[in-house]
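The values are calculated or read from the model by the stated rules, or taken from the named source; none is laboratory data. Being a predicted model, the structure only gives us computed values, none of them experimental. Cβ: placed from backbone, ideal geometry, glycine included. Neighbour counts: every protein chain shown.
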Amino acid sequence: IYWGNELEIDERRITWRRVMDMNDRALRDMVISLGGVSNGFARQTGFDITVASEVMAILCLAADLADLERRLGDIVVAYRRDKSPIHCRDIGAEGAMAVLLKDAMQPNLVQTLENNPAFVHGGPFANIAHGCNSVVATQTALGLADYVVTEAGFGADLGAEKFFNIKCRKAGLTPSVAVIVATVRAMKMNGGVAKADLGAENVEAVQKGCPNLGRHIENVKSFGVPVVVAINHFHSDTDAEVTAVKDYVASLGAEAILCRHWAEGSKGVTDLATRVAELADGDHSQFAPLYSDDMPLFEKIQTIARRIYRAEDVLADAKIRNQLKEWEAAGYGALPVCMAKTQYSFSTDPGLRGAPVNHSVPIREVRLSAGAGFIVVICGEIMTMPGLPRKPAAQSIRFNESGLIEGLF
């Protein structure tokens, strides 16, 4: 723009946002390029946190370096006054971006405490992005091992839904079995117990909170994938509380297995691993995404809201609905949708625990991630640039008397 604007970019319609890997609420909505002609043209914009960036999503969905460069080139960075898109390749940036990400495309091979290999690669959060590790890491692991376990972040209404509807769809993956990780503490919290009181036995609260787990089980089963529940054991859990969870899961036709891997390592999770392998070998999966590619974008949003969140309706004004129709007309109608929503509830209200029904899902904004290959749907008050809490973790980090760092965990 500064050097003559040969591409005829409309300064009012620049969609590219900067990112940084820190929480800073002051950067969510801002005006840049103030201070005179030499600083460019003043405009309103904002920052996202790195894990919500389209480049992070592209890194995790690209099949190889050529696909990475193609996807980077597909990013829509702005529009002209006639609303025609300007892509990253139009400004000649995709090649340099791919070169910068060349080494980042290589999965990080690490090992567990018992010397088992694991890939740690990519970091899109499941509440504000698609919440899955890289396709490259998963495909590499599938070529090296008999069984591959991959994680989808946060609750199954976010991570699992996006793993099934976005990652599996894009990469052609067919999961054999799904493990839902649950805790007694989470059941008690969903049953109305305050965080400070979660250590005390409360079987009634566990039973009251179990419908939240039941909703996740039903949701995962709706994709045609067998489910087993892993109860992540805490030292404060009592036998009666664990039994309450197991009995509830059994009433839904599934199985819950107590796991003590945090304290005992692989010995504490052998029963789970054995059962997962049995289900995988049994070839019971009839996996299918929740919606078809040709379903209209707004109907895809409604499908997730109603079938996964159990919402009664989706609230979107005419501006959002028209934007979705414009993207469909531009050839983006076959893309899946990536819901950005609080991880604390099936609804958009983080304080609404349990398994709420008949609530509404308000849509605040929609964003096109043409390179990643999905539409981001921002719901409720969720922010793509978080703010720090009243007491940030940084206040606990310091050197102790021995010169060692403490307070990181």
Just to be sure I understand, how many residues within the range 35-69 are out of contact with any Cys (no Cβ under 9 Å at 6 or more places or on another chain), in contact (Cβ under 8 Å) with a residue 12 or more places away in the chain and either assigned to a helix (DSSP H, G or I) or among the aliphatic types (A, V, I, L, M) (or both)? 14
Out of curiosity, is Cys379 touching a residue at least 40 places away in the same chain (Cβ under 8 Å) and either under 24 Å from Val135 (Cα atoms) or surrounded by fewer than 17 Cβ atoms within 10 Å (Cβ to Cβ) (or both)? no
With the range 319-397 as the region, which strands (runs of 3 or more DSSP E) entirely inside it contain at least 3 residues that are closer than 18 Å to Trp16 by Cα? 359-369, 374-379
Could you list, in sequence order, the residues of the range 182-226 that are among the aliphatic types (A, V, I, L, M) and in contact (Cβ under 8 Å) with a residue 60 or more places away in the chain? Ala182, Val184, Met189, Val220, Val225
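For the range 139-149, indicate whether the set of residues that are surrounded by 18 or more Cβ atoms within 10 Å (Cβ to Cβ) and either in contact (Cβ under 8 Å) with a residue 40 or more places away in the chain or under 24 Å from Thr342 (Cα atoms) (or both) is non-empty.
There is no residue in the range 139-149 that is surrounded by 18 or more Cβ atoms within 10 Å (Cβ to Cβ) and either in contact (Cβ under 8 Å) with a residue 40 or more places away in the chain or under 24 Å from Thr342 (Cα atoms) (or both).
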State which residue is farthest from Arg353 (Cα to Cα) when the search covers only the range 282-341 and only residues that are β-branched (Val, Ile, Thr) and out of contact with any Phe, Trp or Tyr (no Cβ under 6 Å at 6 or more places or on another chain). Ile320
Does the range 17-26 contain at least one residue that is over 23 Å from the mean Cα position of the chain (by Cα), of a type in the set (Val, Ile, Thr) and within 24 Å of Met383 (Cα to Cα)? no
So if I check each of Leu352, Leu324, Leu388, which one is among the aliphatic types (A, V, I, L, M) and under 17 Å from Asp293 (Cα atoms)? Leu324
Considering only residues of the range 260-301 that are part of a helix (DSSP H, G or I) and in contact with a His (Cβ under 6 Å, 6 or more places away or on another chain), which is surrounded by the fewest Cβ atoms within 10 Å (Cβ to Cβ)? Gly268
Determine the pairs where a residue that is closer than 14 Å to Glu255 by Cβ, located within the range 272-288, has a partner that is exposed (fewer than 15 other Cβ atoms within 10 Å of the Cβ) and of a type in the set (S, T, N, Q) with Cβ atoms under 9 Å apart, the partner being 6 or more residues away or on another chain. Ala273/Ser266
Within the range 151-176, residues among the β-branched types (Val, Ile, Thr) and buried (at least 22 other Cβ atoms within 10 Å of the Cβ) come out as Ile166
Is it the case that some residue within the range 354-377 is out of contact with any helix residue (DSSP H, G or I) (no Cβ under 7 Å at 6 or more places or on another chain), among the β-branched types (Val, Ile, Thr) and farther than 27 Å from Ala171 by Cβ? yes
Residue, surrounded by the fewest Cβ atoms within 10 Å (Cβ to Cβ), within the range 19-54, restricted to residues that are basic (Lys, Arg) and out of contact with any Asp or Glu (no Cβ under 8 Å at 6 or more places or on another chain): Arg25
Within the range 71-100, track down each residue that is touching a residue at least 60 places away in the same chain (Cβ under 8 Å) and hydrophobic (A, V, I, L, M, F, W, C). Leu72, Ile75, Val76, Val77, Ala78, Ile86, Cys88, Ile91
Out of the residues in the range 398-409 meeting the condition of being assigned to a loop (DSSP other than H, G, I, E, B) and among the aliphatic types (A, V, I, L, M), tell me which one is nearest to Ile86 (Cα to Cα). Leu408
Does Glu312 satisfy being crowded, with 21+ Cβ neighbours inside 10 Å, more than 27 Å from Tyr147 (Cβ to Cβ) and among the acidic types (Asp, Glu)? no
Could you give me the residue pairs with C-beta distances under 8 Å whose first residue belongs to the range 321-345 and is without any contact (Cβ under 8 Å) to a residue 24 or more places away in the chain and buried (at least 16 other Cβ atoms within 10 Å of the Cβ), whose second residue is in a loop (DSSP other than H, G, I, E, B) and among the aliphatic types (A, V, I, L, M) wherever it lies, and which are 6+ apart or on separate chains? Ser345/Leu352
What number of residues within the range 117-161 are in contact with a Pro (Cβ under 7 Å, 6 or more places away or on another chain) and in a loop (DSSP other than H, G, I, E, B)? 4
Whichever residue in the range 195-204 is farther than 13 Å from Thr238 by Cα and touching a helix residue (DSSP H, G or I) at 6+ places or on another chain (Cβ under 9 Å) and, among such residues, is modelled with the lowest pLDDT: Lys195
